[in-house]
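Below: one structure, written as structure tokens.
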Amino acid sequence: MPEFVRQHWVYLLAAALLHILFAGLFVLSMISMARKPAPVQLAIQAVVVDQSVLDRASRAQEREQAAAAQKRRQEAQRLAEEQRAEQERQAEEQQLRERQEQRRQAEEQQLRERQEAERQEAERKRAEEAKRQAEEAERKRVEEIKRRQEEEAQRRKAAEEARAQAAREAELRRQLEEEEGRMQALDAGAGNVYAALIEQRIVRNWYRPPSARPGLRCVVHVTQAPGGTVLSVRIGECNGDAAVKQSIEAAVMRSSPLPPPPDARLFERNLELVFKPD
């Protein structure tokens with residue numbers, strides 16, 4: 001009940017005022033009728049009032065008052081319904097505005113999120129492009145360095161090959177010249193002289209074992225260093241026994257250093273000598 005009064009107090013107040021207004025009009029009409037002067041009676045008349053008429057008049061008045069009250073109640077109810085409908089309409093409009101505001105805020109939020117996503121995507125693409133360009137530049141730089149290194153390596157290789165070829169050619173010329181000089185020295189008999197000198201020294205340093213037979217002939221392979229130092233001795237074909245071979249090897253080692261050649265071009269690291277002491 002208090003909730004109903006709070007919601008419809010305007011209509012209730014209007015209904016109360018209407019009741020007070022009608023009551024005031026009724027009181028004023030009764031006062032006016034009471035103050036009206038009585039008509040001058042010229043003669044005494046007797047009036048008989050039918051009680052049923054008075055009852056009908058009273059009931060008619062009550063019906064009119066009830067109808068008026070019903071009308072007032074209906075009017076108050078109509079006003080209350082209109083007020084309620086207006087409040088509901090305002091509430092619906094408020095809800096509609098709130099929904100529209102929420103939808104607007106949601107759309108703005110979606111727009112901001114979409115813009116932020118687009119901005120982040122653009123930044124990501126820019127970062128990827130910058131990274132790709134940096135990688136491409138680094139790749140080109142590395143390729144350029146490799147190309148220069150390969151060119152430099154090829155240039156050095158070509159220069160080394162040229163130097164090596166020149167050295168080989170110079171060495172070949174030197175060897176040819178030495179070989180030519182050696183051949184000339186050999187043709188002049190210097191080789192035989194050199195071999196005879198070595199053989200004579202070995203024979204002088206040889207201690208003949210008892211098992212050595214006349215006509216001894218052994219091929220001796222000698223490796224010497226520059227200056228004639230004997231590095232190794234190996235007996236090849238030989239008609240002597242083991243004691244003879246050992247004695248020849250010992251004689252060669254005692255002959256170190258071997259005599260130098262009469263011509264330096266006749267020096268050979270590996271010598272093949274024929275040992276014939278007889």
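The values are calculated or read from the model by the stated rules, or taken from the named source; none is laboratory data. Remember, predicted model here, so these are calculated numbers, not experimental data. Positions of Cβ are backbone-derived with ideal geometry, glycine not excepted, and every protein chain shown enters the neighbour counts.
List of remarks:
- Enumeration of residues in the stretch 220-269 that are among the charged types (D, E, K, R) and not in a strand (DSSP E or B): 241, 245, 249, 254, 263, 265, 268, 269
- Of the criteria (1) under 26 Å from residue 174 (Cα atoms); (2) outside any helix (DSSP H, G or I); (3) in contact with a Pro (Cβ under 7 Å, 6 or more places away or on another chain), which one residue 206 fails: (1)
- Within the stretch 223-252, the set of residues being exposed (fewer than 14 other Cβ atoms within 10 Å of the Cβ) and among the aliphatic types (A, V, I, L, M) comprises 225, 231, 242, 243.
- If the condition is being among the acidic types (Asp, Glu) and under 20 Å from the mean Cα position of the chain (by Cα), then the stretch 124-176 contributes 128, 129, 135, 136, 138.
- Selected residue [surrounded by fewer than 16 Cβ atoms within 10 Å (Cβ to Cβ), free of Cβ contacts under 8 Å to residues at least 24 places away in the same chain and within 30 Å of residue 174 (Cβ to Cβ)] from 192, 270: 192
- Conditions (1) touching a strand residue (DSSP E or B) at 6+ places or on another chain (Cβ under 9 Å); (2) surrounded by fewer than 17 Cβ atoms within 10 Å (Cβ to Cβ); (3) of a type outside the set (Ser, Thr, Tyr); number of the one not met by residue 210: (1)
- Long-range neighbours under 6 Å by Cβ, at least six apart or interchain, first residue within 19 Å of residue 261 (Cα to Cα) within the stretch 225-248, second aliphatic (A, V, I, L, M) and modelled with pLDDT under 90: 228/258
- Taken together, the residues in the stretch 179-200 that are within 21 Å of residue 258 (Cα to Cα) and either part of a helix (DSSP H, G or I) or modelled with pLDDT of 75 or more (or both) amount to 14.
- The stretch 54-70: number of residues that are among the acidic types (Asp, Glu) and within 22 Å of residue 18 (Cα to Cα): 2
- Checking the stretch 55-65 against the condition returns no match, with no residue being of a type outside the set (Phe, Trp, Tyr), more than 60 Å from the chain's Cα centre (by Cα) and at pLDDT below 75.
- Options 86, 113; residue that is surrounded by 10 or more Cβ atoms within 10 Å (Cβ to Cβ) and within 30 Å of residue 17 (Cα to Cα): 86
- Among (1) in contact with a Cys (Cβ under 8 Å, 6 or more places away or on another chain); (2) closer than 19 Å to residue 194 by Cβ - the single one residue 244 does not satisfy: (2)
- Only one of the numbered conditions (1) at pLDDT 90 or above; (2) assigned to a loop (DSSP other than H, G, I, E, B) is not met by residue 214, and that is (1).
- The stretch 71-99 residues that are touching a residue at least 40 places away in the same chain (Cβ under 8 Å), paired with ones that are among the aromatic types (Phe, Trp, Tyr) (beta carbon under 6 Å, 6 or more apart): 76/11; 79/11; 80/11
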